Every structure is written in structure tokens, then in C-alpha cells.
Amino acid sequence: MGAHALGAAAYAAKAAGLAAPNQPTAISDEISWQLEHMNAQVRAALQQLPPLGEDSAGPLGTGLLASGILGSIIRKIQAAMDNFSPQEGAR
């Protein structure tokens, strides 16, 4: 389920970028919004997933989500969660 959540988050960020082609920060703005609105339980669950591309057998393996813009977005989300401190906006 967590992989599906990361996939949905990546598609939402990609869509934000496509909807605002003249706004270079649209994707990163969407990623920031998602991270700021993620509650502690969701964050804890997603932090249990392996890093994208590390587990070849799972949905975060070497498939569609691991490449291109989707892979880039998921990597940014996972890295941001690793560096997140509760004072930054946990709810």
C-alpha cells in the first residue's frame, strides 16, 4: 500500500508540473505541500519502505515508478522524509 501512496504522490506532483509549465517550482512546491500535510502515522508508515530501486521484487523496484520524473519525485519525497524533523510540521 505504501508504494501506491508514493506513486499517487508522484503522479500528483507530475500533474502539478504539467499544469503549470511556466512555473519551474510547481513540482517541488507540490512535494513540499504533500510533506507539510502528511500526518505522523502516514510518515511513519512510508519511512518503513525500502528506498526506491533497492528492492527489485517489490513495487518500488525497477519498474515504472523507479525511472524518469516519477522516480525522481519519489526519491525526493523519501529523502525529505528521512531529513524531516517533527518541529517542521508534523501533525
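Selection of the stretch 15-54 for residues being more than 19 Å from L70 (Cβ to Cβ), of a type in the set (S, T, N, Q) and in contact (Cβ under 8 Å) with a residue 24 or more places away in the chain yields N39, Q47, Q48.
On the basis of being of a type in the set (A, V, I, L, M, F, W, C), part of a helix (DSSP H, G or I), over 15 Å from the mean Cα position of the chain (by Cα) and at pLDDT 90 or above, does L18 make the cut?
So L18 fits the description; yes.
The values are calculated or read from the model by the stated rules, or taken from the named source; none is laboratory data. As the structure is a computational prediction, the values presented were derived from the model and not from experiment. Backbone-built Cβ (ideal geometry, glycine too); neighbour counts: all protein chains shown.
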